[in-house]
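*Asks:* Mind having a look at this structure? Questions to follow.
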Amino acid sequence: MSDAVATLAGMSISYPHVPGLVNSPAFSHVAVIPPGSTTIHVGGQNGVDETGAVVSDDVAVQSARALDNAAAALAAAGATLADVVSWTVLIHQDADLRAAYGAVGPKLAREGAPPLVTAARVAGLGVPGALVEIGAVAALAP
């Protein structure tokens, strides 16, 4: 298998094939960002509104809002969801994983190599009532 390339924000980010690791259409294992690029780190976003209140006890609703919040944070830095190189997703251990991913998966799909994804089930999150937290690293061309 050869290396994959995704063109994000007008630059080519390489996603090298790693021999001995599974080849997945849902995620990549490593990304190489060109020198001089701007990296943007988005801290964990929960499914909360502008007052900090959890929007619902439904994990799909929370997941969609957390992704919207991540998109808003990216936009404040001049980036979009399409510029994300790596996602971190924390999901409460009692939440429905399929419902959470089903709410955000289609918005994360893109042409070329998929982004890096780290996902974990956790016993709890910092915001009471939160079922999901989404963080991201994006890159913009110099």
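*Asks:* Return the residue satisfying two criteria in turn: it lies in the stretch 29-50 and is surrounded by 17 or more Cβ atoms within 10 Å (Cβ to Cβ), under 15 Å from residue 87 (Cβ atoms) and among the small types (Gly, Ala, Ser), and of such residues it is nearest to the chain's Cα centre (by Cα).
*Replies:* Among residues in the stretch 29-50 that are surrounded by 17 or more Cβ atoms within 10 Å (Cβ to Cβ), under 15 Å from residue 87 (Cβ atoms) and among the small types (Gly, Ala, Ser), the one nearest to the chain's Cα centre (by Cα) is 44.
*Asks:* Just checking, how many residues over the stretch 108-133 are of a type outside the set (Val, Ile, Thr), loosely packed, with under 13 Cβ neighbours inside 10 Å and under 16 Å from the mean Cα position of the chain (by Cα)?
*Replies:* Matching residues across the stretch 108-133 total 4.
*Asks:* Just one of 99, 53, 75, 79 is surrounded by fewer than 18 Cβ atoms within 10 Å (Cβ to Cβ) and closer than 14 Å to residue 140 by Cβ; which is it?
*Replies:* The conditions single out 75.
*Asks:* Does residue 67 qualify as being of a type outside the set (Phe, Trp, Tyr) and crowded, with 16+ Cβ neighbours inside 10 Å? Walk me through how you get there before you give the answer.
*Replies:* Working: of a type outside the set (Phe, Trp, Tyr): yes; crowded, with 16+ Cβ neighbours inside 10 Å: yes.
Taking the combined requirement at face value, the residue satisfies it.
*Asks:* Does residue 26 satisfy being closer than 23 Å to residue 120 by Cα, surrounded by fewer than 19 Cβ atoms within 10 Å (Cβ to Cβ), at pLDDT below 95 and touching a Lys or Arg at 6+ places or on another chain (Cβ under 8 Å)? Walk me through it before giving the result.
*Replies:* Numbers: closer than 23 Å to residue 120 by Cα: yes; surrounded by fewer than 19 Cβ atoms within 10 Å (Cβ to Cβ): yes; at pLDDT below 95: yes; touching a Lys or Arg at 6+ places or on another chain (Cβ under 8 Å): no.
Here the answer is no, as residue 26 does not meet what is asked.
*Asks:* Moving on. Among the numbered criteria (1) farther than 27 Å from residue 39 by Cα; (2) out of contact with any helix residue (DSSP H, G or I) (no Cβ under 9 Å at 6 or more places or on another chain); (3) among the hydrophobic types (A, V, I, L, M, F, W, C), which single criterion is violated by residue 125?
*Replies:* (1)
The values are calculated or read from the model by the stated rules, or taken from the named source; none is laboratory data. Because the structure is a prediction, the values reported are computed rather than measured. A quick note on method: Cβ atoms are made from the backbone with ideal geometry, for glycine too, and the neighbour counts reach across all protein chains shown.
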